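Just so it is clear, none of the values below were taken in a lab; they were calculated from the coordinates. The structure displayed is predicted, hence computed values, not measured ones. Virtual Cβ from ideal backbone geometry, glycine too; neighbours counted across all protein chains shown.
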Amino acid sequence: MWATVAGSTSKGLMYSVSALFFTTVVGLSPATVGAGLTVAGFVGVLTSYLGGRLSDRFGPRRVLLGVVVTQAGALVAYAMTRNAVMFVLVACVAVGAESMLRTARVTLVARAFTGAGRIAVRARLRVVDNVSIAAGSGAAAVALAVGTRPAYLTAVLSAAALTLSSTVALRRLPDVAVDVAEKSGAAPLRDRRYLSVVALHSVIAIQFVLLTVGMPLWVAGHTTAPHATVALLLVLNTLLVTFFQVRATRLVTDVPSAGRAVRNGTVLLLVACVAYAAAGYPGTWAAVGLLVVAVAAHTFGEIVSEAGGWELAFELADPANTGAYQGVSQAGMAIGRAFAPIVVASTAIGLGLPGWLLLGGVFVAAGTGTRLITQGSRTRANRSSSASSSGVSRI
């Protein structure tokens, strides 16, 4: 948690100042920044899986320490970036390291905790992550208010220092590498059920970009609500996640209940899409009210579907290849987020009401598919123990 506080505060700083830093200080065009970060995003898909394989081989703690130092170095390199080529290279390292970090952290949670404790810990980490990002964004307001080159450089270097400081806490974590004798588990890329669940959840992951990109664009360009409403709605999302994410994990006790949670969460996402679309028609105050309803439904859909998704990612994985399985899960999330801006722009923002309904329907279809796949399922460990007790060897 302490490592997450440091790392996520650093992320909050960079989220707030990076765009202006790259355009006003480094002198890159917005198109170059967008293209570079897109390339880096696809590099992050590959390193998400690589981080899992390395965590299985060397242990997640060692991977965490290595990628945190790498990420801090990349942030320092941002401060020395002078051209587009260097920017793209540094961005690939920074984003790739962050993706590996996420996979290694989830792998460590999967190995260090069992049962309900795993998703409870992950829920707490997500709360800490959200609050710390908000704190970092607040701190970035100082640099944005000053608006000078030294102010931006100070913010970026402070983000690097915060990232590096997380190694103090990470060094105290236990080494939970898998024993060599255990390294004979199933390969996640051949596990069709796991891949199917990951693919469906990557579709649901579009909802994160829907909140951070689609909602602001819709409010600014298609409703009569004041632009400042966007900031208030994002604060509402953060507060709801903070207070209810841990509680939502109580809805999930096994694989079937996780499938139900994912399906129920996507139904709430459909309600949110309808409310977002409706906000584009009435006057100012009615639009604000509908947007509040939309973000509330969106956030609870996010909370519930994430709790179910975590359980499935943990419980359907082979314990002997935890890192590889979590790497596939994280890579799926990265793919969903990489394509999300295009999907959101071409449906909700581009088509209006029909687009919102289409997007909501896609969410429900993905949730329903997850429910059907997991209905009546047991964990891999339970299936293995049942096979052993009946004298049947696992293939």
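At 0.36 nm per residue, and after removing the present C-alpha to C-alpha distance, how many nm does the segment from Ala19 to Leu232 gain when stretched out fully?
Values: separation 213, 0.36 × 213 = 76.68 nm, distance 2.12 nm.
Length gained, Ala19 through Leu232: 74.6 nm.
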- [ ] Measure out, as a whole number of angstrom, how far apart the alpha-carbon centroids of segment 291-337 and segment 3-39 sit.
- [x] 25 Å
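Listed highest first by mean packing, meaning other Cβ atoms within 10 Å per residue, what order do 293-301, 190-198 come in? Please report the intermediate quantities before stating the final value.
Details: 293-301: 21.9, 190-198: 17.1.
Top to bottom by mean Cβ count within 10 Å: 293-301, 190-198.
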Open item on the list: Sort 360-367, 8-15, 168-175, 224-231 by packing, meaning the average of other beta carbons within 10 Å per residue, with the highest value first.
Closed with: 8-15, 360-367, 224-231, 168-175
Task: Cα-based equivalent ellipsoid, the chain: semi-axes from gyration tensor eigenvalues, Å - done: 33, 28, 18
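At 0.36 nm per residue, minus the direct Cα-Cα distance, what do Thr114 and Val85 gain on full extension? Give it in nm, one decimal, please. Provide the component values of the computation, followed by the final result.
On the way: separation 29, 0.36 × 29 = 10.44 nm, distance 4.46 nm.
Extending this stretch completely gives an extra 6.0 nm.
Could you sort the peptides 25-38, 96-109, 261-274, 137-150 by per-residue average Cβ neighbour count (10 Å cutoff), highest mean leading?
On the way: 25-38: 15.9, 96-109: 26.3, 261-274: 24.5, 137-150: 14.1.
Answer by packing, highest mean first, reads 96-109, 261-274, 25-38, 137-150.
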Open item on the list: Based on C-alpha coordinates, I'd like the Rg and Dmax of segment 163-288, in Å.
Closed with: 20.6, 66
Task: Cβ-based charge dipole, the chain, positive-most Cα from Ala297, Phe314, Pro341 - done: Phe314
TODO: Would you calculate the separation in nanometres between label points at Arg193 and Val146, each defined as 7 Å from the Cα along the Cα-to-beta-carbon direction?
DONE: 5.6 nm
Task: Sequence of Ile204, Ile373 once ranked by neighbouring C-beta atoms within 10 Å, starting from the fewest - done: Ile373, Ile204
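Give, to the nearest whole percent, the P(r) tail of segment 2-171 beyond 18 angstrom, counting all Cα pairs. Intermediate results must be reported in sequence, preceding the final value.
Values: 8750 of 14365 pairs.
Above the 18 Å cut-off, segment 2-171 has 61 percent of its Cα pairs.
Hey, got the dipole for the chain? About the Cα centre, +1 on K and R Cβ, -1 on D and E Cβ, debye to the nearest 20?
Details: 30 positive and 13 negative charges, 146 e Å.
The dipole magnitude comes to about 700 debye.
Run the helix sum for the chain: -39,500 (n - 2.57) per DSSP H stretch of 4+ residues, divided by residue count, reported at 222 nm to the nearest 500 deg cm²/dmol.
After summing the helix terms and dividing by the residues of the chain, the value is -26500 deg cm²/dmol.
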TODO: Select from Val328, Tyr15, Gly355 the residue farthest towards the positive end of the dipole of the chain; place +1 on Cβ of Lys and Arg, -1 on Cβ of Asp and Glu, and compute about the Cα centre.
DONE: Val328
Task: Estimated FRET transfer efficiency when R0 is 45 angstrom, pair Leu239-Leu351 (beta carbons, to 0.05) - done: 0.90
